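One structure below.
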Amino acid sequence: MHVWSGSGSGFEITLAEESAAKSVLVPTGDIGTDWQGGSEPYSETGWDDGTPITPGKTGGVGYEEGTYYDPYITYDVIDEMNDNYESCYVRIPFNISAQDLSGLNYMTLKIRYDDAFVAYINGQKVCQSTNAPASLSWESGADSGRVGSDDAAVLFESYDLNSYINLLQPGDNILAIHGLNAGAISS
């Protein structure tokens, strides 16, 4: 679902690999906004911690009634979401040293998604896809399906996060993703 990179001073680092351990929750009620990373440590009780490492898969979170996305889904939420809910929350912890942080001069979020998403760094919204609603709640869905949906969803889309480098802190950080499906009965 994501790869997040930054670089500067002749080096490039990946802050959160696509296959990084993550915590996933399909919310069934309002849990507030602390999950977005603004209030650490955050209790992930009730979240399914970690991403199972499945050979041949990329570490993504999602579901597919068919097989098109199967190579990209390591954490399958079909039982929780399909025919029930349109939202899925994902938390990806990552660490950056003070030395690496001081050298960053650009940062990019690279993400695969279908149908929409909103991303947060340490509790602050940093970007969203065009199909994400302006006002979000735990039960929000995408405003519409993504154009070129299946083919587009398997390709990385890049978002410039240069103006958000100041949200990073030496040590522990959180990248949080609110994934949005276009309808609870979407396949």
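Here are a few things to note about the model shown:
- Mean ellipticity per residue at 222 nm, deg cm²/dmol - from DSSP H runs of n ≥ 4 across the chain, formula -39500 (n - 2.57): -1500 deg cm²/dmol
- Between region 62-93 and region 160-187, the C-alpha centres lie 16 angstrom from each other.
- Per DSSP, loop trypsin sites (Lys or Arg not before Pro) in region 104-155 with at most 16 further Cβ within 10 Å: none
- Per residue solvent-accessible surface (Å²) - the chain, probe of 1.4 Å: 46
- On a per residue basis, the convex hull of the C-alpha atoms belonging to region 113-174 measures out at 109 Å³.
- Whole-number D in µm² s⁻¹ for region 13-79, Kirkwood Cα-pair radius fed into Stokes-Einstein, 4 °C, 1.567 mPa s: 96
- On region 106-184, 47 percent of the accessible area sits on carbon and sulfur atoms, based on a 1.4 Å probe.
The values are calculated or read from the model by the stated rules, or taken from the named source; none is laboratory data. Keep in mind the model is a prediction, meaning the values are calculated, not measured. Positions of Cβ are generated from backbone atoms using ideal geometry, with glycine treated the same way; all protein chains shown enter the neighbour counts. All accessible areas refer to the heavy atoms of the entire protein, side chains included, with ligands and DNA or RNA removed. Shrake-Rupley method; radii C 1.70, N 1.55, O 1.52, S 1.80 Å.
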